[in-house]
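Data block below; observations after.
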Amino acid sequence: MQLTVLGCSGSAPGPDLPTSGYLVEAAGVRIAVELGGGVLGPLQRRCDPFDLDAVLLSHLHLDHCADFSALTTYLRAHPSPPAAFDRLRVLAPSHAPSRLAAAHAASEEELAELRLEDTFDFVPLAAGRFAVGPVTVDVAPVRHICEAYAFRISHGGVSLVFSGDTVPCPELVGLARGADLLLADAAWREQAGRADYLHMSGRESSAVAAEAGVGRLVLTHVLPWSDREGVLADAAEAFAGPVSLAEPGAVYVVQPAPIG
(Lines give C-alpha, C1' and ligand atoms only; values in the text may rest on other atoms or scores of the structure.)
Protein backbone atom coordinates (compact mmCIF):
# COMPACT_ATOMS: atom_id res chain seq x y z
CA MET A 1 0.00 0.00 0.00
CA GLN A 2 1.25 3.48 -0.86
CA LEU A 3 0.25 6.87 0.55
CA THR A 4 1.03 10.09 -1.34
CA VAL A 5 0.57 13.47 0.33
CA LEU A 6 -1.07 15.89 -2.12
CA GLY A 7 -1.70 18.64 0.43
CA CYS A 8 -1.48 18.85 4.20
CA SER A 9 -2.00 22.41 5.40
CA GLY A 10 -4.65 22.85 8.11
CA SER A 11 -7.69 25.13 7.78
CA ALA A 12 -6.10 27.38 5.12
CA PRO A 13 -3.35 26.95 2.51
CA GLY A 14 0.22 27.92 3.20
CA PRO A 15 2.78 29.14 0.65
CA ASP A 16 3.00 26.35 -1.95
CA LEU A 17 1.03 24.19 0.48
CA PRO A 18 -2.47 22.98 -0.46
CA THR A 19 -4.90 21.93 2.22
CA SER A 20 -5.83 18.32 2.97
CA GLY A 21 -5.56 15.73 0.22
CA TYR A 22 -4.02 12.26 -0.05
CA LEU A 23 -3.86 9.44 -2.57
CA VAL A 24 -3.88 5.84 -1.36
CA GLU A 25 -2.96 3.08 -3.84
CA ALA A 26 -3.16 -0.67 -3.26
CA ALA A 27 -3.73 -3.66 -5.54
CA GLY A 28 -4.41 -1.37 -8.50
CA VAL A 29 -7.05 0.60 -6.55
CA ARG A 30 -6.73 4.38 -6.27
CA ILE A 31 -8.55 6.24 -3.51
CA ALA A 32 -8.48 10.01 -3.02
CA VAL A 33 -8.83 10.86 0.66
CA GLU A 34 -10.01 14.48 0.98
CA LEU A 35 -9.93 17.06 -1.84
CA GLY A 36 -8.93 20.31 -0.19
CA GLY A 37 -8.10 23.50 -2.04
CA GLY A 38 -5.25 23.10 -4.53
CA VAL A 39 -5.20 19.29 -4.40
CA LEU A 40 -6.53 18.40 -7.87
CA GLY A 41 -3.35 19.67 -9.57
CA PRO A 42 -0.95 17.44 -7.59
CA LEU A 43 -3.40 14.56 -7.97
CA GLN A 44 -3.09 14.79 -11.76
CA ARG A 45 0.67 14.36 -11.46
CA ARG A 46 -0.03 10.95 -9.90
CA CYS A 47 -2.99 9.70 -11.92
CA ASP A 48 -5.81 10.69 -14.24
CA PRO A 49 -8.84 11.62 -12.10
CA PHE A 50 -10.90 9.30 -14.30
CA ASP A 51 -8.79 6.45 -12.91
CA LEU A 52 -9.88 7.02 -9.32
CA ASP A 53 -11.91 4.20 -7.82
CA ALA A 54 -13.33 6.22 -4.92
CA VAL A 55 -13.17 9.49 -3.03
CA LEU A 56 -13.37 9.60 0.79
CA LEU A 57 -14.42 12.84 2.48
CA SER A 58 -14.11 12.79 6.26
CA HIS A 59 -16.25 15.92 6.65
CA LEU A 60 -17.32 18.91 4.62
CA HIS A 61 -15.25 21.86 5.79
CA LEU A 62 -13.85 23.46 2.65
CA ASP A 63 -10.22 22.81 3.52
CA HIS A 64 -11.11 19.13 3.03
CA CYS A 65 -13.41 19.32 0.00
CA ALA A 66 -12.98 22.63 -1.88
CA ASP A 67 -11.43 20.93 -4.92
CA PHE A 68 -14.40 18.60 -5.24
CA SER A 69 -15.81 21.39 -7.39
CA ALA A 70 -12.69 21.32 -9.57
CA LEU A 71 -13.00 17.53 -9.85
CA THR A 72 -16.65 17.95 -10.84
CA THR A 73 -15.67 20.31 -13.64
CA TYR A 74 -12.89 17.99 -14.79
CA LEU A 75 -15.13 14.93 -14.99
CA ARG A 76 -18.17 16.69 -16.48
CA ALA A 77 -16.45 19.03 -18.96
CA HIS A 78 -13.61 16.83 -20.24
CA PRO A 79 -13.99 16.52 -24.03
CA SER A 80 -12.99 12.87 -24.22
CA PRO A 81 -13.81 10.89 -21.08
CA PRO A 82 -12.95 7.18 -21.10
CA ALA A 83 -15.72 5.09 -22.59
CA ALA A 84 -15.78 2.89 -19.49
CA PHE A 85 -16.32 5.77 -17.05
CA ASP A 86 -19.70 5.62 -15.35
CA ARG A 87 -19.90 7.39 -11.99
CA LEU A 88 -17.22 7.92 -9.37
CA ARG A 89 -18.01 6.52 -5.94
CA VAL A 90 -17.90 9.11 -3.13
CA LEU A 91 -18.04 8.04 0.52
CA ALA A 92 -18.99 11.17 2.45
CA PRO A 93 -21.38 12.53 5.10
CA SER A 94 -25.04 12.17 4.18
CA HIS A 95 -25.51 15.84 3.31
CA ALA A 96 -22.63 15.83 0.79
CA PRO A 97 -24.73 15.92 -2.41
CA SER A 98 -26.54 19.15 -1.49
CA ARG A 99 -23.54 20.75 0.22
CA LEU A 100 -21.15 20.06 -2.65
CA ALA A 101 -23.69 21.10 -5.27
CA ALA A 102 -24.20 24.43 -3.50
CA ALA A 103 -20.43 24.98 -3.41
CA HIS A 104 -20.19 24.26 -7.16
CA ALA A 105 -23.15 26.23 -8.52
CA ALA A 106 -22.74 29.92 -9.31
CA SER A 107 -26.39 30.85 -8.78
CA GLU A 108 -29.65 29.54 -7.35
CA GLU A 109 -30.84 28.92 -10.91
CA GLU A 110 -27.79 26.79 -11.73
CA LEU A 111 -28.13 24.94 -8.43
CA ALA A 112 -31.75 24.07 -9.19
CA GLU A 113 -30.66 22.28 -12.37
CA LEU A 114 -27.41 20.73 -11.12
CA ARG A 115 -27.41 16.98 -10.51
CA LEU A 116 -24.08 15.81 -9.14
CA GLU A 117 -25.54 12.32 -8.90
CA ASP A 118 -25.17 12.11 -12.69
CA THR A 119 -21.39 12.04 -12.17
CA PHE A 120 -20.95 10.69 -8.64
CA ASP A 121 -22.32 7.73 -6.73
CA PHE A 122 -22.70 9.14 -3.22
CA VAL A 123 -22.54 6.65 -0.34
CA PRO A 124 -23.45 8.10 3.09
CA LEU A 125 -20.86 7.41 5.75
CA ALA A 126 -21.64 5.62 8.98
CA ALA A 127 -19.69 3.46 11.41
CA GLY A 128 -18.89 0.20 9.67
CA ARG A 129 -16.93 -1.34 6.81
CA PHE A 130 -16.96 -0.55 3.11
CA ALA A 131 -15.17 -2.26 0.24
CA VAL A 132 -13.42 -0.57 -2.68
CA GLY A 133 -12.48 -3.55 -4.79
CA PRO A 134 -10.12 -5.67 -2.66
CA VAL A 135 -9.40 -2.75 -0.31
CA THR A 136 -11.40 -2.40 2.90
CA VAL A 137 -12.33 0.93 4.49
CA ASP A 138 -13.37 0.89 8.13
CA VAL A 139 -15.15 4.03 9.29
CA ALA A 140 -15.58 5.48 12.77
CA PRO A 141 -17.24 8.73 13.84
CA VAL A 142 -14.87 11.16 15.55
CA ARG A 143 -15.33 14.35 17.55
CA HIS A 144 -15.23 17.58 15.58
CA ILE A 145 -17.56 20.58 15.40
CA CYS A 146 -19.57 18.90 12.64
CA GLU A 147 -20.33 15.38 11.43
CA ALA A 148 -16.88 13.87 10.90
CA TYR A 149 -15.24 10.48 10.43
CA ALA A 150 -11.90 8.72 10.53
CA PHE A 151 -10.86 6.00 8.08
CA ARG A 152 -8.82 2.80 8.33
CA ILE A 153 -7.75 1.60 4.89
CA SER A 154 -6.45 -1.97 4.71
CA HIS A 155 -5.16 -4.45 2.17
CA GLY A 156 -2.76 -7.36 2.17
CA GLY A 157 -2.20 -7.36 5.91
CA VAL A 158 -1.26 -3.68 6.21
CA SER A 159 -3.36 -0.70 7.21
CA LEU A 160 -3.20 3.05 7.49
CA VAL A 161 -5.53 5.25 9.51
CA PHE A 162 -6.48 8.83 8.72
CA SER A 163 -7.88 10.69 11.71
CA GLY A 164 -9.69 13.42 9.84
CA ASP A 165 -10.27 16.44 12.09
CA THR A 166 -10.89 15.47 15.71
CA VAL A 167 -9.90 15.82 19.31
CA PRO A 168 -8.56 12.71 21.07
CA CYS A 169 -11.37 10.19 21.51
CA PRO A 170 -11.86 6.46 22.17
CA GLU A 171 -13.36 6.00 18.71
CA LEU A 172 -10.10 7.06 17.05
CA VAL A 173 -7.95 4.98 19.36
CA GLY A 174 -10.07 1.90 18.67
CA LEU A 175 -9.97 2.42 14.92
CA ALA A 176 -6.19 2.95 14.94
CA ARG A 177 -5.39 -0.05 17.16
CA GLY A 178 -2.33 -1.80 15.72
CA ALA A 179 -2.31 0.18 12.46
CA ASP A 180 0.97 0.36 10.56
CA LEU A 181 0.69 4.12 9.92
CA LEU A 182 -1.45 6.82 11.55
CA LEU A 183 -1.91 10.05 9.57
CA ALA A 184 -3.06 12.31 12.37
CA ASP A 185 -4.50 15.78 12.75
CA ALA A 186 -1.92 17.85 14.67
CA ALA A 187 -2.94 21.44 14.16
CA TRP A 188 -0.88 23.17 16.82
CA ARG A 189 1.20 22.98 19.97
CA GLU A 190 -0.43 22.72 23.37
CA GLN A 191 -2.40 25.88 24.16
CA ALA A 192 -4.61 27.01 26.99
CA GLY A 193 -8.24 27.96 26.43
CA ARG A 194 -8.58 26.54 22.95
CA ALA A 195 -12.04 25.76 21.59
CA ASP A 196 -13.33 22.26 22.18
CA TYR A 197 -13.89 19.76 19.36
CA LEU A 198 -11.56 21.30 16.81
CA HIS A 199 -8.17 19.58 16.50
CA MET A 200 -5.41 17.71 18.28
CA SER A 201 -2.02 19.09 19.21
CA GLY A 202 1.14 17.26 18.26
CA ARG A 203 1.39 15.89 21.78
CA GLU A 204 -2.22 14.67 21.73
CA SER A 205 -1.76 13.00 18.36
CA SER A 206 1.26 11.14 19.67
CA ALA A 207 -0.63 10.07 22.79
CA VAL A 208 -3.33 8.55 20.56
CA ALA A 209 -0.63 6.83 18.49
CA ALA A 210 1.03 5.41 21.60
CA GLU A 211 -2.24 4.19 23.14
CA ALA A 212 -3.29 2.58 19.86
CA GLY A 213 0.11 0.94 19.36
CA VAL A 214 0.59 2.15 15.79
CA GLY A 215 3.81 1.53 13.90
CA ARG A 216 4.43 5.01 12.49
CA LEU A 217 2.99 8.48 13.06
CA VAL A 218 2.74 11.14 10.35
CA LEU A 219 1.50 14.56 11.51
CA THR A 220 -0.73 16.54 9.18
CA HIS A 221 -3.15 19.49 9.16
CA VAL A 222 -0.65 21.76 10.92
CA LEU A 223 -2.05 25.30 10.64
CA PRO A 224 0.02 27.58 8.38
CA TRP A 225 0.67 29.94 11.30
CA SER A 226 1.60 27.15 13.73
CA ASP A 227 5.12 26.16 14.75
CA ARG A 228 5.62 23.06 12.59
CA GLU A 229 8.92 22.04 14.14
CA GLY A 230 7.50 22.60 17.61
CA VAL A 231 4.52 20.37 16.80
CA LEU A 232 6.94 17.67 15.65
CA ALA A 233 9.15 18.04 18.74
CA ASP A 234 6.15 17.74 21.05
CA ALA A 235 4.98 14.58 19.28
CA ALA A 236 8.42 12.99 19.30
CA GLU A 237 8.58 13.32 23.09
CA ALA A 238 5.43 11.23 23.59
CA PHE A 239 5.72 8.59 20.84
CA ALA A 240 8.61 6.15 20.71
CA GLY A 241 8.13 5.07 17.10
CA PRO A 242 9.00 6.94 13.88
CA VAL A 243 7.25 10.31 13.67
CA SER A 244 7.42 12.92 10.91
CA LEU A 245 5.62 15.89 9.44
CA ALA A 246 3.59 15.38 6.27
CA GLU A 247 5.05 17.26 3.32
CA PRO A 248 3.50 17.80 -0.13
CA GLY A 249 4.71 15.14 -2.53
CA ALA A 250 5.90 12.80 0.21
CA VAL A 251 5.30 9.13 -0.53
CA TYR A 252 5.03 6.48 2.18
CA VAL A 253 5.12 2.76 1.47
CA VAL A 254 2.96 1.32 4.24
CA GLN A 255 4.60 -1.81 5.58
CA PRO A 256 3.87 -4.03 8.57
CA ALA A 257 5.10 -2.52 11.80
CA PRO A 258 8.00 -4.46 13.35
CA ILE A 259 6.96 -6.75 16.18
CA GLY A 260 8.27 -5.68 19.54
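The values are calculated or read from the model by the stated rules, or taken from the named source; none is laboratory data. Predicted, not measured: the structure shown is a model, and the values here were computed from it. Using ideal geometry, Cβ is built from the backbone for each residue, glycine included, and neighbour counts are taken over all protein chains shown. For the accessible areas, the whole protein counts, side chains as well, though only heavy atoms, and no ligand, DNA or RNA atoms are used. Shrake-Rupley method; radii C 1.70, N 1.55, O 1.52, S 1.80 Å.
Note on the chain: helix-only mean residue ellipticity at 222 nm, from DSSP H runs of 4+ residues weighted -39500 (n - 2.57) and normalised by residue number, equals -7000 deg cm²/dmol. Between Ala126 and Ala250, the simple spin-label model (points 7 angstrom out along Cα→Cβ) gives 3.6 nm. Against the chain, whose longest principal axis comes from its Cα atoms, helix 228-238 is set at around 50 degrees. For region 159-258, applying the loop criterion from DSSP together with a ceiling of 11 other beta carbons within 10 Å to the chymotrypsin sites (Phe, Trp or Tyr not before Pro) yields Trp225. Of the chymotrypsin sites (Phe, Trp or Tyr not before Pro) in region 107-155, not one is in a loop by DSSP (not H, G, I, E or B) with at most 11 other beta carbons within 10 Å. Given 4 °C and 1.567 mPa s, how large is the Stokes-Einstein diffusion coefficient of region 135-187 in µm²/s, with Rh as the Kirkwood radius over Cα pairs? For the chosen part, D equals 118 µm²/s. Looking at region 115-256, the accessible area is 40 square angstrom per residue; that uses a 1.4 Å probe and ignores ligands, DNA and RNA.
Carbon-plus-sulfur fraction of the accessible area of region 159-231, 1.4 Å probe, in percent?
The value for region 159-231 is 51 percent carbon and sulfur by accessible area.
Taking 0.36 nm per residue of sequence separation and removing the Cα-Cα distance, the Asp196/Thr73 pair yields an extension gain of 40.7 nm. The longest stretch of the chain left intact once loop-based trypsin sites (Lys or Arg not before Pro) with at most 15 other Cβ atoms within 10 Å are removed from consideration, loops following DSSP, is 1-86. In a DSSP loop and with at most 15 other Cβ atoms within 10 Å, the chymotrypsin sites (Phe, Trp or Tyr not before Pro) in region 31-93 are Phe85. Per atom type, region 23-105 shows carbon and sulfur on 47% of its accessible surface, probed at 1.4 Å. In the chain, the ratio of gyration radius to Kirkwood radius, Rg to Rh, stands at 0.96 when only Cα atoms are counted.
If you take every DSSP beta bridge fully contained in the chain, what fraction is antiparallel? Give it as a percent rounded to 5. Don't skip to the answer; put the middle values down first.
On the way: 31 of 55 bridges.
Looking only at bridges with both residues in the chain, the antiparallel portion is about 55 percent.
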